[in-house]
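> Before we start, here is the structure in question, set down as structure tokens.
Coordinate-derived values only; no laboratory data. Note that the structure is a prediction, hence the values are computed from the model and not measured. Virtual Cβ from ideal backbone geometry, glycine too; neighbours counted across all protein chains shown.
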Amino acid sequence: MATYSLPPKKEQSSFKKFKKIFILLAVIALYVWTFLGIDIDWTRAVERAASNFHRVIPKLFSPDWAAAGEVSQKILETIFIAFAGSFMAAILAIPLGFLAAKNMSRGKLLSAIGKWILSAIRAFPDIILAILFVVAVGPNAFAGVLAIAIGSTGMLGKLYSEVVESIDMQVVEAMEANGANKVQALFYGVLPQIIPEFLSYAIYRFEIDIRASSILGIVGAGGIGTMIIFAANNRNWNEMGMILLAIIIVVTIIDFISARIRRKIV
Amino acid sequence: MIEFKDIGLVYPNGTEGLKNINVTINDGEFVVMVGLSGAGKSTFIRSINRLVTPTSGSLLIDDEDILSYRGSDLRKLRTKIGMIFQNYNLVKRSNVLKNVLAGRLGHTGTFRSIFNLYKKEDVGLAYESLKRVNIDEKLYNRADELSGGQQQRVSIARVLTQKPKYILADEPVASLDPPTSHQVMTYLKKINKEDNITTIVNLHFIDMAMEYADRIIGMRAGEVVFDGPVSEVSEKTFEEIYGRTIREDDLRGGANES
């Protein structure tokens, strides 16, 4: 057997080693502190789970088929809310994405403003937006659509801006060297490079929005969530089983379709 | 006619890209710029279509100083100057025809181009250009399905479709293998002769420069250190331009294979 000489050890200053150890200790300390801080009463948690387990879980597994009609109607509404919301977001996010992209404007100011707007939007959880819109437009599906639209715009705008920043700018330079104006360079050089990714992200976000919109009804913004909160309050676990079954089926189907479409376009 | 008069270019970071350049390029010439990388060849040809802007002197194209051009003047200038790049710079996801039609953008209104409403003669011209570089059978293939040499031919077709008066080629064969390199250079030379398009090519391979150029301009450290017809050039000239002895990797080779 041939003997190989081992590669030299990576040179590392003692300061770097110290830094690594320090970071490791800091992270461990953070975890310990968090778990002590939230004060979990393990014995009580186990007791409650044990006493409720036989009352709730078996019922979840025997769904109330009589509710199937109403559930399917509500789940359809949930899908519509998610679709309308993510569609609005997919369009609203385009100008914001371009605004936030560093390579689309000369100065840094515009891109900074765009990024700031997008972070500000992302700071709101969907459920908070839903509460705000229920107050603004009343407790109906439209509130849900708006909540989804705004919530998704934050994320999509951010992803769009990253797609725009990753394009090959030399192609755009080549267009401009041919005498194309800015609008032509946008349509011929930029759009073909970004459209597939934009679509893919929009579909992915629709997938997330299906899950998000199933919860919005809890605050009265339409969709299946309204039924969830009623079933939970009435301890109607059979109906809850039916609702969960419907959500699982729909989410799985949408995930499957979305994955297939996304694989096709990129 | 392209005239560099006392052209200098200092980049914002202080590097001098061009120093005191005085060169006149006549219509119909096939000029090859040689020099080591960083010598200023790219800066020289990119000044001509103002992808970079010289900071001193004057640059006349067809007797007009182009250094003050902005906006629509600049686009008009660029419409008559075609450019070929080392990385082809095609839109990879668009098909060949669409890439070639992009050469017409400077001649086409914004509205027409956005909605793909090209004039019939433009589409015909695009197809004709593809035929001239022998790649017309790939018309509806996506650009990223083609090999490097094929992509470079598409980019030549794009420039042809532009109907330019000048063609600039910035290291057009640097990413290609020897036989393909010769093929691309042969097309450029043929177009130069047939259409009488003034062509300026950056190369760093000595043998290719000797084979295709009418005139060679040598650059070193931002200055023109040689300018003359190819008949006056010997290995010694290149040693002067490069400031060192000639090595194996200064040659592309493969002239006999193509």
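> Between B:Asp62 and B:Glu248, what length comes free when the chain is fully extended (0.36 nm per residue of separation minus the Cα-Cα distance, one decimal in nm)? Spell out each step's value before the answer.
Working: separation 186, 0.36 × 186 = 66.96 nm, distance 3.99 nm.
Stretched out fully, the B:Asp62 to B:Glu248 stretch lengthens by 63.0 nm.
> Given springs between every Cα pair under 10 Å in a Gaussian network model of chain B, which of B:Asp122, B:Asp63, B:Asp170 has the largest fluctuation?
B:Asp63
> Under a plain spin-label model, where a point goes 7 Å from the Cα along Cα-to-Cβ, how far apart in nm are B:Lys120 and A:Arg55?
Taking the simple label geometry, B:Lys120 and A:Arg55 are separated by 8.3 nm.
> To continue, here is another question. Hey, what do the phi angles of region A:193-207 turn into as Karplus ³J(HN,Hα) couplings, whole Hz, using 6.51/-1.76/1.60 and θ = phi - 60°, x for Gly and Pro?
7, 10, 4, x, 5, 4, 4, 4, 5, 4, 5, 4, 5, 4, 4
> Pick out which of B:Arg220, B:Arg158, B:Arg247 has the largest mean-square fluctuation in a Gaussian network model of chain B, springs linking Cα atoms closer than 10 Å.
Residue with maximal mean-square fluctuation among B:Arg220, B:Arg158, B:Arg247: B:Arg247.
> Which value at 222 nm does chain B reach when only helices count, each DSSP H run of 4 or more adding -39,500 (n - 2.57), with the total divided by all residues and rounded to the nearest 500 deg cm²/dmol? Intermediate results must be reported in sequence, preceding the final value.
Details: 9 runs with 88 residues, N = 258.
That calculation yields -10000 deg cm²/dmol at 222 nm.
> Most exposed first by the Cβ proxy, i.e. fewest other Cβ within 10 Å, how do A:Ile40, B:Ile197 rank? Could you put the intermediate results ahead of the total?
Values: A:Ile40 10, B:Ile197 21.
The most exposed by this proxy come first: A:Ile40, B:Ile197.
> What's the average, rounded to a whole number, of partner chain beta-carbon atoms within 10 Å of each residue's beta-carbon in B:43-51? Please report the intermediate quantities before stating the final value.
On the way: counts 0, 0, 0, 2, 0, 0, 4, 2, 4.
That works out to 1 on average.
> Let me know the charge dipole size of chain A about its Cα centre in debye, to the nearest 20, where only the beta-carbon of Lys, Arg (+1) and Asp, Glu (-1) is charged. Intermediate values should be presented prior to the final figure.
On the way: 25 positive and 18 negative charges, 191 e Å.
For this selection, approximately 920 debye.
> Over the Cα atoms of chain B, what is the Rg over Rh ratio if Rh follows Kirkwood?
Values: Rg = 18.3 Å, Rh = 18.9 Å.
Rg divided by Rh gives 0.97.
> If I take R0 = 25 Å and measure r between the Cβ atoms of A:Arg122 and A:Leu199 in this structure, what FRET efficiency does the formula 1/(1 + (r/R0)^6) give, to the nearest 0.05? Each step should come with its number before you reach the end.
On the way: r = 21 Å, r/R0 = 0.84.
With R0 = 25 Å, the Cβ-Cβ based efficiency is 0.75.
> Same structure again: Can you compute log10 of I(q)/I(0) for chain A with the Debye formula, treating each Cα as one identical point scatterer, at q = 0.08, 0.14, 0.15, 0.16 Å⁻¹?
Each listed q maps to, in turn, -0.55, -1.06, -1.11, -1.16.
> Return the percentage of antiparallel bridges among DSSP beta bridges fully within the protein assembly as shown, rounded to the nearest 5 %. Before the final figure, lay out the partial values.
Numbers: 20 of 36 bridges.
Bridges in the protein assembly as shown that DSSP calls antiparallel: roughly 55 percent.
> Of the cross-linked pairs A:Lys108/A:Lys158; B:Lys41/B:Lys138; A:Lys108/B:Lys41; B:Lys120/B:Lys165, which ones have a Cα-Cα span greater than 24 Å in the structure shown?
Details: A:Lys108/A:Lys158 16 Å; B:Lys41/B:Lys138 33 Å; A:Lys108/B:Lys41 31 Å; B:Lys120/B:Lys165 22 Å.
Table pairs above 24 Å Cα-Cα are B:Lys41/B:Lys138; A:Lys108/B:Lys41.
> Here's a follow-up. Please build a GNM for chain B, connecting alpha carbons under 10 Å apart, and tell me which residue among B:Gly228, B:Gly14, B:Gly149 fluctuates the most.
Maximum among the listed residues: B:Gly14.
> Once every Cα of the protein assembly as shown carries one equal point scatterer and solvent is ignored, give the base-10 log of I(q)/I(0) from the Debye formula at q = 0.13 Å⁻¹, two decimals.
Reported log10 I(q)/I(0), two decimals: -1.21.
> I need B:Thr237, B:Thr110 ordered by Cβ neighbour count within 10 Å, fewest first. Intermediate results must be reported in sequence, preceding the final value.
Values: B:Thr237 19, B:Thr110 14.
Sorted ascending by nearby Cβ count, the order is B:Thr110, B:Thr237.
> Evaluate peptide B:69-82: per residue, the Cβ atoms of other protein chains within 10 Å of its Cβ; return the mean as an integer. Before the final figure, lay out the partial values.
Numbers: counts 0, 0, 1, 1, 0, 2, 7, 1, 1, 6, 3, 1, 3, 3.
The shielding value for this peptide is 2.
> Something else: For region B:83-163, what is the charge dipole size about the Cα centre, in debye to the nearest 20, if Lys and Arg each add +1 at the Cβ and Asp and Glu each add -1 at the Cβ? If you can, show how the numbers build up before the last one.
Numbers: 14 positive and 7 negative charges, 32 e Å.
Taking the Cα centre of region B:83-163 as origin, the dipole is about 160 debye.
> What ranking of B:His182, B:His107 emerges when the number of other C-beta atoms within 10 Å of each C-beta is taken as an exposure proxy, fewest first? Show your work: numbers first, answer last.
Values: B:His182 22, B:His107 18.
Lowest count first: B:His107, B:His182.
> Find which of A:Met240, A:Phe35, A:Ala112 sits farthest along the positive direction of the dipole of the protein assembly as shown, computed with +1 on the beta-carbon of Lys and Arg, -1 on that of Asp and Glu, about the Cα centre.
Farthest along the dipole direction, towards plus: A:Met240.
> Looking at chain B, what % of its DSSP beta bridges pair antiparallel, to the nearest 5?
Numbers: 20 of 36 bridges.
Of those bridges, close to 55 percent are antiparallel.
> Ignoring the sites themselves, what is the longest stretch of chain A with no chymotrypsin sites (Phe, Trp or Tyr not before Pro) in a DSSP loop and at most 13 other beta-carbon atoms within 10 Å? Can you show the working numbers first?
On the way: sites that count: A:Tyr4, A:Phe61.
Between the exposed loop sites, the longest stretch runs A:62-266.
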